[in-house]
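Colleague: Dumping the structure here so I can ask a few things about it.
The values are calculated or read from the model by the stated rules, or taken from the named source; none is laboratory data. Everything numeric here is computed off the predicted structure, so don't read it as measured data. For neighbour counting, all protein chains shown are included, and Cβ atoms are generated from backbone atoms with ideal geometry for every residue, glycine included. Ligands, DNA and RNA are stripped out before the accessible areas are found, and what is left, the full protein with its side chains, is counted by its heavy atoms. Shrake-Rupley method; radii C 1.70, N 1.55, O 1.52, S 1.80 Å.
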Amino acid sequence: MKINGNEIRPGNVIEHNKSLWVAVKTNAVKPGKGGAFNQVELKNLLDGTKLNERFRASETVERVRLEQKDFQYLYEQGDMLVFMDNETYEQLELQQDFVGDRAKFLQDGMMVTVELYEEKPIGVSLPDQVTLTITEADPVVKGQTAASSYKPAVMENGVRVMVPPFIEAGERILVDTNEITYIRRAD
């Protein structure tokens, strides 16, 4: 689908320079002289490189629709992560680097959304929140401060997170997988 250069919004995926790019930031600029343009910060979906590009309102770009499919995380095999399509039961293997740091938050049976372009995976979205158990938490120092202070804790997946002083080892907490931050105690 063709769109004008001034219609590009953050999150749009476009085809540019024979590659796929996602718009990270956009800024509509109307200079005193010359025509208006859209200053767009792009990130390459295939290799992660960044690019700043100007698109005039008269230019057209190809907006790409990505197919989103739900997959279930099965297990880790070496440096590969194995997912299964719940409709066809086909298995999909992805490099651990492809998922990145958030791969530590994958749990058996977890549902993830894989973005596909022409049947090729280009992105994985995990649930925004996961429940994990704290394995170790520093003790609270009495009278440390009147204001709310957080202390470091380690979760069952080995990731460190800052938690409120009342959280102890063995407690289950909700964690934001995008920001890697404590949200609240799990019910």
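Colleague: Sort out which residues of segment 102-120 are farther than 16 Å from Ile180 by Cβ and at pLDDT 85 or above, and write them in order of number. Let's see the steps before the verdict.
Modeller: First pass over segment 102-120, keeping only residues farther than 16 Å from Ile180 by Cβ: 108-120.
Residues satisfying the conditions are Asp108, Gly109, Met110, Met111, Val112, Thr113, Val114, Glu115, Leu116.
Colleague: Considering only residues that are without any contact (Cβ under 8 Å) to a residue 60 or more places away in the chain, open to solvent by less than 60 Å² (accessible area, probe 1.4 Å) and of a type outside the set (Gly, Ala, Ser), which ones fall in segment 87-106?
Modeller: Hits for segment 87-106 are Leu92, Leu94, Gln96, Val99, Leu106.
Colleague: Of everything in segment 36-48 that's among the aliphatic types (A, V, I, L, M) and over 14 Å from Ser19 (Cβ atoms), which residue is modelled with the highest pLDDT? Working first, answer last.
Modeller: Initially, segment 36-48 is screened for residues among the aliphatic types (A, V, I, L, M), giving 36, 40, 42, 45-46.
Keeping just the survivors that are over 14 Å from Ser19 (Cβ atoms) gives 36, 40.
Working: Ala36: 88, Val40: 91.
Among them, the one singled out is Val40.
Colleague: In addition: Since Gln68 meets every condition but one in (1) in contact with a Ser or Thr (Cβ under 6 Å, 6 or more places away or on another chain); (2) open to solvent by 80 Å² or more (accessible area, probe 1.4 Å); (3) farther than 30 Å from Asn157 by Cα, which condition does it not meet?
Modeller: It is condition (3) that Gln68 fails.
Colleague: I'd like the full set of residues that are hydrophobic (A, V, I, L, M, F, W, C) and within 14 Å of Gln72 (Cα to Cα), limited to segment 100-136. Talk me through it step by step, then tell me what you get.
Modeller: We begin by selecting, within segment 100-136, every residue hydrophobic (A, V, I, L, M, F, W, C); these are 103, 105-106, 110-112, 114, 116, 122, 124, 126, 130, 132, 134.
Ala103, Phe105, Leu106, Met110, Met111, Val112, Val114, Val124, Leu126 - these are the residues of segment 100-136 that are hydrophobic (A, V, I, L, M, F, W, C) and within 14 Å of Gln72 (Cα to Cα).
Colleague: Now for a separate question. If a residue must be among the polar types (S, T, N, Q), at pLDDT 90 or above and in a loop (DSSP other than H, G, I, E, B), how many such residues does segment 69-93 contain?
Modeller: 1
Colleague: Have a look at Leu51, Leu66 and point out the one that is aliphatic (A, V, I, L, M) and modelled with pLDDT of 90 or more. Write out each step before concluding.
Modeller: On the way: Leu66 fails: modelled with pLDDT of 90 or more.
When all the criteria are applied, what remains is Leu51.
Colleague: Mind checking which pairs have a first residue in segment 30-47 that is under 22 Å from Val124 (Cβ atoms) and in contact (Cβ under 8 Å) with a residue 40 or more places away in the chain and a second that is assigned to a strand (DSSP E or B) and aliphatic (A, V, I, L, M), Cβ under 8 Å, 6 or more apart or different chains?
Modeller: Leu45/Val13; Leu45/Leu20; Leu45/Val22; Leu45/Ile122; Leu46/Leu20; Leu46/Ile122
Colleague: Next question, about the same structure. Test Val61 against the stated conditions and say whether it is open to solvent by less than 50 Å² (accessible area, probe 1.4 Å) and in a strand (DSSP E or B). Full working, then the answer.
Modeller: Details: open to solvent by less than 50 Å² (accessible area, probe 1.4 Å): yes; in a strand (DSSP E or B): yes.
Considered against the rule, which asks whether it is open to solvent by less than 50 Å² (accessible area, probe 1.4 Å) and in a strand (DSSP E or B), Val61 comes out as yes.
Colleague: Across segment 26-48, what is the total count of residues that are open to solvent by 30 Å² or more (accessible area, probe 1.4 Å) and either under 16 Å from the mean Cα position of the chain (by Cα) or closer than 22 Å to Glu67 by Cα (or both)?
Modeller: Going through segment 26-48, the residues open to solvent by 30 Å² or more (accessible area, probe 1.4 Å) turn out to be 26-36, 39, 41, 43, 45-48.
From what's left, either under 16 Å from the mean Cα position of the chain (by Cα) or closer than 22 Å to Glu67 by Cα (or both): 43, 45-48.
Total satisfying the criteria: 5.
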